[in-house]
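Computed from the coordinates by the stated procedures, all read-outs in this text should not be read as laboratory data. A quick note: this is a predicted structure, and the numbers were derived from the prediction, not measured. Cβ placement follows ideal geometry from the backbone for every residue including glycine, while neighbour counts extend to all protein chains displayed.
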Amino acid sequence: MDSSFFFGLSTMAYILAMIVYITYLAFKKSQIGITATIVTIAGFISQTLAIVLRWKEFSDLSGMGFLRSAPLTNLYESLVFFVWCLILGYLIIEFKFKNRSFGAFITPVAGLALAFIDLSGMSKEIQPLVPALQSNWLLAHVIMSFIAYAAFALSFSTGIMYLILTTEKRTEIPYIFWATTFGIFIVILAAMAVDFLTFKVMVKPEEFIKSYMFKASFLNPSAIAKILSWLSMVAIIFITWRYGSVLKAIIEKFNITPDMLDEITYKSIAIGFPIFTLGGLIFGAIWADQAWGVYWSWDPKETWSLITWFIYAFYLHGRMMRGWRGKKVAIVSVIGFTAVIFTYLGVNLLLSGLHAYGELD
Amino acid sequence: MEENKKKTFADKIWDFFASIRLAIILFALIALTSIIGTILEQRHDPAKNIQILSKFFGESLAPSIYNISEKLGFMDMYHSWWFVGLLILFSINIVICSLERLPKIWKTIKEPVKSLSEEQLKKFILNREIILKGKPDKVKDTVTNAIKRTGFSYIEVKEDNGYQFISQKGNYSRLGVYLAHFSILIILIGAIIGIFWGFNGHLNLPEGSVSDAAFSDKGEIIPLGFNIRCDNFDVEFYGRSDMPKEYKSWLSIIKNGNVVLQKAITVNSPLKYEGITFYQANYGLISERLEKGIFLFRIISPDGEAQSIELRLGDAFKIAGTNMSGRIVDFSPALKIDHKGQAFTYADLMNNPAVLIEFSESGKHKYSGWILKRYPETWQLSEGPRVEFTDYWGVEFTGLQVRKDPGVWVVYLGCITISIGLFIAFFMSHRKLWVNIVADKNNNTRVIIGATSNKNRAAFEKKIDRLASLIKKEQGGKIDG
Ligand code: HEM
């Protein structure tokens, strides 16, 4: 049995857990809840095994020693690690807050992310490392960044749920904000799904995003398709905005109070922020210093990390200001994670820089 | 209102800089403006940025927008006057904000915890009450032992009907936030030291060459104060692929004619001498030297004797123990054989160095064949001897990034202290604990516990529960609250 067997197992477990968690929400029977937790833990264990096995496979193949061979070198592996951190974070919250309702939100993200990796035909090959990437600082940098990203992802979902729960009027700015953000996320996912269906591409994700992303919709050469895409985007955002109360009604069933959501948002950021500072910014700078002789060069990736850092600093200080607690800082936490996504994907794939996994030329 | 009027202009400026409102405005401004610099290519040629701008604003507007943004410093914005200005405002903000608050915080840390009345203790969210049998003097040890076992030391205060035990822990953790803020200044100071007293240069050093200077980005000569020599450069690949595994330069530092330091540097392992660091940055072939390099061979005779030789293109050599000889007739830095069996050069780097050797026996031409550095199976001759091609030397240069930054240690110091500060700020808390023991009418003792924590109350509550159960266990009393 190799790593991909266990990856497959964990994907199925998370999708199953999602179904059980939703059933639990509907019937509120504690046996169902316990089953959901057990299935999630089983998925988590099998994913852990898969990561360890892949680590070993990589180490055997590259002959570079165990530490250097951590499976965190490409988009595929880092997404898997992200999902792992997310589930770990979720399980901790479930035990601490004794509330399972969240599972229905988090396990779909995990299961779909893993399934998405499979469907997209992302390159799963184990690739050897170019010289600049052979660094223990880089390894620590990547691991800690992803732990922080997972914490920020949690704060993002609780932040959005907080906004959904606390907004009343459709004309309120926080309401418009969450409806638009939610709508755009749906649109982007849908547009990518359309891309896959249209091109059925089996290429690396880097190539996919550079050369195919949105080509079937927003960047379609045909003007009609383009206009249709924009129209459906407006329509989806409008529907989210118009029927937001349905979402609110669902979340209200969860038994989560806005205060609890606010606290989880703060706690996740309070954990993510120092880890991101040390691992994301400082270890990244030390690595750059060792590899290139400059600890800070304002390349787009570094700058976006700094922007992310400033947004979360804004969040932490905003909470201390009168009138900012609550909805306003929840908006900031949502914006913060959008910046995280851009730092992670956008910079590598849309803007290119030193970091575009800078091989020496 | 009355007070506001009395404020002088200086007070107003102080208040402006002491406010968190300014801090979050600056966070937002710095974050937003930074985005521009990630879209426009910094310190790049105008054409590229005009092209980027025309994607946003159209062809016709792009040049004039370029001119405006150029004037505003957007083409090198992280060094522009206004961005530096934002950073300065930010630093002043941190300093004044800390100065404003530190005295109060210092008092909170230093001043002894006051004793509180029972009513005051009961107002805390964290409070417990236990009844113990016996007079306060009798149960005192039970209570103090429990406090100690929970990890607190205490001060004892004698009161009318009993005692009060006052404890606190982690009062210094209140400084964590200030350490974090102060560290930002340390990091900025380190960066400034680097800008004014350091340099950043580049040096392309051919194998076998010596240099006493590097070159700045603007082409200025930067004297090093010693000589550096590149003894050798090599690229190692993964297996048979062209994917590089390691770039390695063997460097020597020469001072007053003596070699004082030698090191083989790789990408993540630079060489440092007298505060100047040499990083492996890139490499290349020197085309005018391509035919003039030195081939290094190790020839192993059929009876196992090895001999190292150095040759140039066109040179001939004898193979000991046989009457064979060879002559180097051709060379390729990156040899590939096409499907027709034709040899050709596929890259302008030394990806696959190969020599074509013409072999003769007793003066008679026998055959010629390619010998490849990366393919040991081409080294073995059918007659028994081996011709090992170890290197083609003297035609590559190593590209070194040369840097001096006396501020880097200050920056790292700031990085360490900011990490410590943040971890203290988020994971430690200032906890205060009061335990009153009071005699009641029935010759029993009421134990009243009150506690506060500036952070993470849930974790502290667990501790307090443990304390209460420890006290209760000794005597089998009961808990309320
Ligand atoms: C990027 C720079 C900064 C970082 C990383 C930073 C970090 C922090 C952190 C982590 C906290 C603790 C927050 C919490 O416990 O929730 C904090 C609190 C605080 N920060 Fe900052 N800060 C920065 C800049 C500033 C600036 C410019 C000011 C100037 C007004 C400021 C003023 C404060 C104040 C007054 C507190 C509250 C301190 C207390 O609770 O006693 N910070 N900061």
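Key figures
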read-out: Exercise: per-residue mean of other protein chain Cβ atoms within 10 Å, A:270-278; value: 5
read-out: Distant-in-sequence amide H partners of B:E41 (H built 1.01 Å from N, under 5 Å); value: none
read-out: Average beta-carbon neighbours from other chains, 10 Å sphere, peptide B:234-246; value: 3
read-out: Estimated vicinal HN-Hα couplings, Hz - the stretch B:118-125 in sequence order (Karplus 6.51, -1.76, 1.60; Gly, Pro = x); value: 4, 4, 5, 4, 6, 7, 5, 5
read-out: Degrees, to the nearest 10: B:20-39 long Cα axis against longest axis of chain B; value: 20 degrees
read-out: Length-normalised contact order of the stretch A:289-339 in % [C-alpha pairs under 8 Å, at least 6 apart]; value: 35 percent
read-out: Whole-Hz ³J(HN,Hα) from phi, Karplus 6.51 cos²θ - 1.76 cosθ + 1.60, for the stretch B:94-103, glycine and proline x; value: 4, 4, 5, 4, 5, 4, 4, 9, 4, x
read-out: Under Karplus coefficients 6.51, -1.76 and 1.60, residue-wise ³J(HN,Hα) of the stretch B:442-451 in Hz, glycine/proline x; value: 8, 6, 9, 10, 9, 9, 10, 10, x, 8
read-out: Cβ neighbours within 10 Å from other chains - mean over A:83-95; value: 0
read-out: Cα long-axis angle, helix B:136-149 against chain B (0 to 90 degrees, to the nearest 10); value: 10 degrees
read-out: Ordering of A:246-252, A:292-298, B:261-267 by burial proxy (mean other Cβ atoms within 10 Å per residue, highest first); value: A:292-298, B:261-267, A:246-252
read-out: Distance from the stretch A:11-32 to the stretch B:34-49 (C-alpha centre basis), Å; value: 50 Å
read-out: Cut-off 18 Å (backbone N to label point 7 Å along Cα→Cβ of A:R325), residues of the stretch B:418-455; value: B:452-455
read-out: Debye, to nearest 20: dipole size of the stretch A:1-115, +1 on Lys, Arg Cβ, -1 on Asp, Glu Cβ; value: 500 debye
read-out: Rounded Å value of the spacing that divides the Cα centres of the stretch A:128-192 and the stretch B:415-476; value: 37 Å
read-out: Order by protection proxy (mean Cβ within 10 Å, highest first), peptides B:236-248, A:45-57, A:143-155; value: A:143-155, A:45-57, B:236-248
read-out: Listed peptides B:391-397, A:272-278, A:259-265 by packing density, highest first (mean Cβ within 10 Å); value: A:272-278, B:391-397, A:259-265
read-out: Helix B:176-197 vs. chain B, principal-axis angle (Cα, 0 to 90°, nearest 10); value: 30 degrees
read-out: Total charge dipole magnitude, the protein assembly as shown, about the Cα centre, Cβ charges on Lys, Arg, Asp, Glu only, Debye to nearest 20; value: 4420 debye
read-out: Cα gyration tensor category, rounded, prolate or oblate, for chain B with a/c compared to 1.5; value: prolate
